[in-house]
1. With a 10 Å cut-off between alpha carbons and a GNM built on chain A, which of A:VAL11, A:VAL87, A:VAL50 moves the most?
2. List the aspartates and glutamates whose Cα sits under 20 Å from the Cα of A:LYS77, skipping any in the same chain fewer than 8 residues away.
3. For A:SER85, list long-range residues whose amide hydrogen, built 1.01 Å from N in the peptide plane, is under 5 Å from its own amide hydrogen.
4. Given 25 °C and 0.890 mPa s, how large is the Stokes-Einstein diffusion coefficient of the protein assembly as shown in µm²/s, with Rh as the Kirkwood radius over Cα pairs?
5. Which whole-number value in Å² is the accessible area per residue of chain B, probe 1.4 Å?
6. Dipole of chain B, Cα-centred, from +1 at each Lys and Arg C-beta and -1 at each Asp and Glu C-beta, to the nearest 20 debye?
7. Please express the Cα-Cα pair-distance distribution P(r) of chain A as a list of whole percents, one per 5 Å bin, running from 0 to the bin with the greatest distance.
8. Consider just the alpha-carbon atoms of the range A:50-112 and return their Rg together with their Dmax, both in angstrom.
Amino acid sequence: GDSVTQKQGQVTLSEDDFLFINCTYSTTTYPTLFWYVQYPGQGPQLLLKVTTANNKGISRGFEATYDKGTTSFHLQKASVQESDSAVYFCALVGQGGRALIFGTGTTVSVSP
Amino acid sequence: EAAVTQSPRSKVAVTGGKVTLSCHQTNNHDYMYWYRQDTGHGLRLIHYSYVADSTEKGDIPDGYKASRPSQENFSLILELASLSQTAVYFCASSELGREQYFGPGTRLTVL
């Protein structure tokens with residue numbers, strides 16, 4: 001079945017550092033891929049969506065790209081701020097399009 | 001803007017008791033979902049629904065029931081709550097194959 005693997009459980013950075021989070025996926029289709037962000041005490045909220053049509057998405061200084069050849073997609077930001085401290089999840093639309101399959105999340109901690 | 005609300009926001013239940021978590025959406029979305037979140041496991045799908053009066057099992061349905069009495073409302077029912085069901089529960093809504101909009105979550109503690 002479809003799956004998403006997010007190996008980085010924790011990333012610790014200082015302000016202005018470069019952020020890079022990677023996910024790999026397995027599916028029989030060309031999926032739509034998502035990055036969600038979850039701040040403490042809140043539900044996940046959509047950060048970026050990437051489709052086979054565009055291969056890249058940009059929002060709030062974050063950039064997501066995906067590589068069909070290596071079945072991976074990543075999230076990056078050139079210069080993080082303390083306010084970017086959160087949990088970041090990658091996800092894809094499962095077969096049949098009825099639900100999202102989420103990675104296990106990457107906790108990003110940014111110190112001033 | 002999309003809106004999904006959940007009630008209660010937190011609850012303490014006793015082992016063996018019945019718990020009902022409620023979700024309401026004003027997005028006019030066909031699909032609604034219940035997830036649980038545990039540290040180290042991300043979000044796991046319990047049940048979902050794509051039309052009123054019908055529910056489908058997700059990846060971890062054991063010990064949970066769901067009810068979709070209308071397009072706007074979706075409930076998660078724990079008939080006999082157990083310690084292992086202590087978690088944060090999230091409801092979400094979406095259109096088929098599109099991004100999901102999440103509620104703020106319900107923190108459930110079973111003692």
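The values are calculated or read from the model by the stated rules, or taken from the named source; none is laboratory data. As the structure is a computational prediction, the values presented were derived from the model and not from experiment. Don't worry about glycine lacking a Cβ; one is built from the backbone with ideal geometry, like all the others, and counts go over all protein chains shown. Surface accessibility is based on the protein's heavy atoms, side chains included, excluding ligands, DNA and RNA. Shrake-Rupley method; radii C 1.70, N 1.55, O 1.52, S 1.80 Å.
1. The residue with the greatest mean-square fluctuation here is A:VAL11.
2. A:GLU15, A:ASP16, A:ASP17, A:GLU63, A:ASP67
3. Amide H to amide H, under 5 Å and 5 or more residues apart or across chains, A:SER85 pairs with A:VAL110.
4. 137 µm²/s
5. I get 47 Å² per residue for chain B.
6. 420 debye
7. So the P(r) values, bin by bin, are 2, 13, 24, 25, 19, 10, 5, 2, 0.
8. 13.4, 44
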